[in-house]
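Q: First, the structure itself, so that you have it in front of you.
No lab work stands behind these numbers, since they all come straight from the coordinates. Source: prediction; values computed, not measured. Using ideal geometry, Cβ is built from the backbone for each residue, glycine included, and neighbour counts are taken over all protein chains shown.
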Amino acid sequence: MPPKKNDTALTPDSPVTSLAGISETRGKLFEKMGVRTLTDLCRHYPRGYEMRGRVTTTADAKNGEAVSLLLTVGTQPKVTTIRRGMILTRFTAFDECGTATITYFNQPYLRDAFAVGSTYRFFGRCERGAGNRLSLNSPKHEPVPLSDPGDGSTLPSVYPIYRATAGLTQKLISGAVEKALAVVFPPDKEIPDPLPDDLRREYGLCGYTYAIRNIHLPENEAVLDAARKRLIFEELTLFSLGLRRRRYLRSQYDAPVMFAPDMTPFFSAQPYDLTGAQKRAVADFLRDMTVGEPAGGGENFSTDKSSKPPMNRLLSGDCRPANIAPKPPMNRLLSGDVGSGKTVCAAAALYIALANGYQAALMAPTEILATQHFEDLAPMFARLGFGCELLVGSTKAKDKTSIKSRLASGELPLVIGTHALLEDNVVFLNCGLVITDEQHRFGVGQRAALAKKAAHLHTLIMSATPIPRTMALMMFGDLDMSVLDELPPGRQKVSTFTVDESYRERLNGFIRKQVTEGHQVYIVCPAIDDCPAIEENEDDMIGDDGLPAAADDSRPTLKAAVAYAEQLQREVFPDLSVGFLHGKMKPAEKDAVMHRFTTGEVMILVSTTVIEVGVNVPTATLMVVENAEYFGLSQLHQLRGRVGRGRDKSWCILVSESKTEHARERLSIMCKTNNGYEIAEKDLELRGPGDFFATNTGDTAALDVRQSGGLRFTVASFCDDMEMVQNAFAAADRVMAEDPALETEKYRPMKEALARAFGEIVL
Ligand code: ADP
Ligand code: MG
């Protein structure tokens, strides 16, 4: 027999398995969620709440809503067996407004649990059937005590819902959390508060211990709100502080010294004139990367014939002239909607480094994108006299060896590739600039490796995710920003429509028409096998909106990419070539399909969102998005950006069966505008700032960048108050002004919290 677990010996660092009832097996399940110690458990905040205190009546309960009802059992529960051995326990119950039918599945023992005449609080999703009859399937139930005044107020009003995995029930988790709280945050112990008193007073925030206890076990909704507000504020303040620290630390490095080169050869090598926005971005790079003013200064530098002669190409960091003061490295984000022309700007930055005799690297998250960049840029740089190679996972071993040795010797000035560039044996003689495209799509480990390798180099990050300015200033507080807010001339709008299933046949006809005219068609589905928006379901799982997840059969049919591709090929387009693409395919397989699609051999490509970013097939003219309501607006916008890239008129058809006003409003925004920044602003307005801090939503991808430092938001996704976000960031400013190194006793708990949240990256 295992030794009896003794609660009095527990410390905040004790493993969860030291709690009674948590076996090693369960401990492993907790570990899967990142919970090892009792302290971890206290920080495993609920992902949603059941607001069972919001009691309604049988008259007011609306179809499909999660409701809480106080009902008296009216009939003796009856047990019946239906098809496939399914056992139903069913009875009716009433309140003063009417009756409801209550049904439980496969729990025959419940027959004896409900006595006629006794009152319960039932909580669950209700349905209105024929004749407006109300029914509840497997609702949660709690007996209402006799002492209750009749409104259920003697019962707890808020129940936490935890992120869970199979094998851990909500009850088990909340029980364990309660015990952990008693150890880590005992009522009689003063725990240092990361937010100092004056700050809390100014913004009306409750104390740390109170907040942690009540985020888990709130007595009522008001208390929960206070706890949440406080923890969100803290999270955002720490986040902002972390960014500021990171910026400060990077500014301590001396960057490779560069001078403003004559950009004329570069601009002459482009087939078009740069837009005003592009010129401004390049001017930003010149200002950041070079010492002294850019030749000619301002926006006109590119055409100024009096500019200085090209800089000595052999100049490297080792032979810096003695009188030149070093500069911190460029640390800039180039943000621009799909098609805004980021590539040529990136190329200009590369040129600045190369013209100064430095090597440079451009890194993309996939082989497809890296190859595309290589094909775009290598010929142009060759004309300018700079060799360029592609280094990706599938590069032949022999070529890899050669590229690496030429990088190490300095013979090869420019390399474009994937994270293969981050391998330890890729060494540059004198690298001056690293550019990453869509950095948020790199893994956390890869981003950390990059941060380590390139901290002292000029860096440029490109992102195609338009984000509202107010959010961008906060979310990218550690980076300078250049925004391409102007599209190259002559772009045509992608006509966008929302349709439902009744349009299916016409849609298929339209797909065929595009293909017959020699174009390619994308069809995007939510996921491979299932929809990511719906989590693995525990019986009692409730969404963040406080609603129980809908039962399987009430969900719209989700189109799974592989199965749908097969079905289309078999039943609808037997004479056309249908391919599919999804994230779980090997890179080589993906590339092969993509290649066949680019050449037109595959005409219809059914895909998950893996094709979202950067893929360029100019002859594709139609983007169909299935179950469009499952995608965020920014994501839809990204998907739409895959078409309209060539000369031909292009369309985006959003297929959705959703009738909710919210979904309809969101999709209608897509139909109204093609401007990504406008869409992002609307999205912010409709969904609130919380979504920008949400993890794993598959949307607002730019924000994933922010998790690269280690900080994962835990409560900020609940934030629906823009003013609070601004206050939290202002508070960080104040802290930085008062004590930037967080050296004083006042900020010691904050410093510790910051270290916990960000790890070594910022401290
Ligand atoms: P993104 O910002 O999405 O990476 P790209 O750099 O791929 O955009 O540019 C999209 C297309 O626009 C490319 O075909 C590119 O050649 C073209 N382009 C970029 N800048 C201009 C410009 N100033 N004038 C005309 N075409 C341009
Ligand atoms: Mg691009």
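Q: Tell me, which strands (runs of 3 or more DSSP E) lie completely within the range 41-86 with 3 or more residues that are over 37 Å from the mean Cα position of the chain (by Cα)?
A: 66-73, 78-81
Q: Mind checking which residues of the range 462-476 are under 23 Å from ALA348 (Cα atoms) and either more than 15 Å from the chain's Cα centre (by Cα) or small (Gly, Ala, Ser) (or both)?
A: Within the range 462-476, MET462, SER463, ALA464 meet the criteria.
Q: Tally the residues that are in a helix (DSSP H, G or I) and more than 16 Å from ligand 1 (Cβ to nearest atom), restricting the search to the range 328-357.
A: Looking only at that region, the number is 4.
Q: Determine whether the range 69-90 contains at least one residue that is buried (at least 18 other Cβ atoms within 10 Å of the Cβ), in contact with a strand residue (DSSP E or B) (Cβ under 9 Å, 6 or more places away or on another chain), farther than 30 Å from ALA757 by Cα and touching a residue at least 60 places away in the same chain (Cβ under 8 Å).
A: Taking every residue of the range 69-90 in turn, at least one turns out to be buried (at least 18 other Cβ atoms within 10 Å of the Cβ), in contact with a strand residue (DSSP E or B) (Cβ under 9 Å, 6 or more places away or on another chain), farther than 30 Å from ALA757 by Cα and touching a residue at least 60 places away in the same chain (Cβ under 8 Å).
Q: Of the conditions (1) within 16 Å of HIS519 (Cβ to Cβ); (2) surrounded by fewer than 22 Cβ atoms within 10 Å (Cβ to Cβ), GLY644 fails just one. Which one is it?
A: If we test GLY644 against (1) within 16 Å of HIS519 (Cβ to Cβ); (2) surrounded by fewer than 22 Cβ atoms within 10 Å (Cβ to Cβ), just (2) comes out false.
Q: Then there is this: Can you confirm whether the range 12-23 contains a residue that is out of contact with any helix residue (DSSP H, G or I) (no Cβ under 6 Å at 6 or more places or on another chain), within 30 Å of ALA716 (Cα to Cα) and touching a residue at least 12 places away in the same chain (Cβ under 8 Å)?
A: Checking the range 12-23: at least one residue is out of contact with any helix residue (DSSP H, G or I) (no Cβ under 6 Å at 6 or more places or on another chain), within 30 Å of ALA716 (Cα to Cα) and touching a residue at least 12 places away in the same chain (Cβ under 8 Å).
Q: Next question, about the same structure. What number of residues within the range 17-42 satisfy the criterion of being closer than 28 Å to ASP225 by Cα and buried (at least 17 other Cβ atoms within 10 Å of the Cβ)?
A: 8
Q: Those residues that are buried (at least 17 other Cβ atoms within 10 Å of the Cβ) and assigned to a helix (DSSP H, G or I), I need them from the range 150-173; list them, please.
A: GLN170, LEU172, ILE173
Q: Still on this structure, please answer the following. Go through the range 486-517 and give me each residue that's in contact with a strand residue (DSSP E or B) (Cβ under 8 Å, 6 or more places away or on another chain), surrounded by 15 or more Cβ atoms within 10 Å (Cβ to Cβ) and not in a helix (DSSP H, G or I).
A: Within the range 486-517, VAL494, THR496, THR498, VAL499 qualify.
Q: A follow-up question, please. I want to confirm something. Restricting to the range 101-146 and keeping residues that are outside any strand (DSSP E or B) and aliphatic (A, V, I, L, M), which single residue is nearest to SER68 (Cα to Cα)?
A: Among them, the one singled out is VAL144.
Q: Right, here's the next one. Collect the residues in the range 222-278 that are within 16 Å of ligand 1 (Cβ to nearest atom), of a type in the set (Ser, Thr, Tyr) and in contact with a Leu (Cβ under 8 Å, 6 or more places away or on another chain), keeping them in residue-number order.
A: Listed by number, the list holds a single entry, THR275.
Q: If we scan the range 623-644, do we find a residue that is of a type in the set (Lys, Arg), in contact (Cβ under 8 Å) with a residue 24 or more places away in the chain and within 16 Å of ligand 1 (Cβ to nearest atom)?
A: There is at least one residue in the range 623-644 that is of a type in the set (Lys, Arg), in contact (Cβ under 8 Å) with a residue 24 or more places away in the chain and within 16 Å of ligand 1 (Cβ to nearest atom).
Q: Being surrounded by 21 or more Cβ atoms within 10 Å (Cβ to Cβ) and under 33 Å from the mean Cα position of the chain (by Cα) narrows it down to one residue among ALA100, ALA176; which is it?
A: Going through ALA100, ALA176 in turn, just one is surrounded by 21 or more Cβ atoms within 10 Å (Cβ to Cβ) and under 33 Å from the mean Cα position of the chain (by Cα): ALA176.
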